[in-house]
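Since the structure comes first, as structure tokens, the remarks are kept for the end.
A short reminder: the numbers here are calculations on the coordinates, not readings from a lab. Because the structure is a prediction, the values reported are computed rather than measured. Here the Cβ is made from the backbone with ideal geometry for all residues, glycine too, and neighbour counts use every protein chain on show.
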Amino acid sequence: MIRQLIDTPLLLWWTAAAVLGQGLAILAAFLIARRYLASAAADVRYRLTLGTLLLVALSLPVTLFIADQALGVRLAGLAAAAAPSWPVSALTDRLRPPLPWLVIIWSAGALAILVHLAAGAWRLHRLIRAARPAPPHLCPSAEALAAAGLRVAPAVRESAIIPGPFVAGWGRGVLMIPAGLAARLTPREREAVLLHELVHLRRRDFAVNLLQRVVQAAYWFHPAAWLLGAELDRMREECCDEAVVRAVGRASDLARALVHLEELRSGSGVLAMAGSGGHLSNRIQRLLAGVAPRHSRSAPAWCAMSLIALVGVRGADAGGGWAAAITSRSVPVVTIAAEDPAGHFTLEMAGGVVRGLRLEGVAVPRRRLLQSGRTVRLLDERGATALDIEIQSPGTIRWSPRAPPSP
């Protein structure tokens, strides 16, 4: 596959276009499923969103795999005299010069996002180290840990420069709380907020969020990755909100606590409606509307996920097939003639893939040729190795000489 990517820019261009189209088709199917499951539990919708993002992430390797498999079959089936048609050759010549820029732009975008992510992780590390241990009365109680489903209490640290509580890390994790939280919230509101953060820790949202950011860095050019990522951020909070309501049975405490924390975060007594404020208003509306079902049927979500996966697989199959079809017509055929003590043979290759082998002018059946990377092996009728060939370059080979035939 690497050989085809180097020799045929059409494969890379078409694969990029196919991945973009597949992601948009998957996103369209997801939006339809989300509308159908609007009244389902947040956890069901969260799993659907996460599975859809993973499908988008897998679209590139799956498309390349399908293209690689289909390309080998197409190259093997081409006639020996076949040559690329002029339009395809001309298109290949035009696409080759800007190909390095495509790779450079993608690499620069991914690297910039990863550097930003690493800088954020470093700032978080420094913030945690600078924080002091929280007083005992602010630490979660055993009842709160049990309600969140945690067996081990996280490390609790207090900081004067954070606007609200949050958790970080995996395993035991760290619970960060702002200084003076006890004076800002009532005990019941504080209990609801801390339980919300403990549920984040039990769900391992920090690790999943990190994986999500890496996928978004790799697919920074894809709108589906960002739209699904924003949906995941929203679903995480709603999942924890519903878990808190199920545990304490009171949505009003959490809603009031969220409003107070947002007022402190914005620096005024007015609830901000832009940015995260708009997202917060939706959470409060859902809490006060009592959208926290105790049981949710997962069958519709599995049906929706199956349909979305079917769209992705069919899209990858179509994209890989088209990429192989176009590439197979743009790969030049290289014929190498070699002399051997046992007689001369001719090897035909296209883009690093062996298309055929002739011994003394007689074509060898395809089933007797095995290729693994740069190594080509010819099997005799009994399945033993008759000839080992190493491809050193598109026009150079090295092989182990065969013994001359007995007189």
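Radius of gyration (Cα atoms) of segment 161-224, expressed as a multiple of 2.2 N^0.38 Å: 1.41. Over all other residues within a Cβ to Cβ distance under 13 Å of Val152, the charged ones net out to +3, with Lys and Arg as +1 and Asp and Glu as -1. Name the shape class, rounded, prolate or oblate, that the alpha-carbon gyration tensor gives for segment 103-147, where a ≥ b ≥ c are the square roots of its eigenvalues, rounded holds for a/c under 1.5, and otherwise prolate holds if a/b is larger than b/c and oblate otherwise. It comes out oblate by the Cα gyration axes. Using the Cβ-Cβ distance between Ile32 and Glu143 with R0 = 56 Å, the FRET efficiency computed as 1/(1 + (r/R0)^6) comes to roughly 0.85. In this structure the amide hydrogen of Val156, modeled in the peptide plane, comes within under 5 Å of the amide hydrogens of Ala134, Leu175, none closer than 5 places in sequence on its chain.
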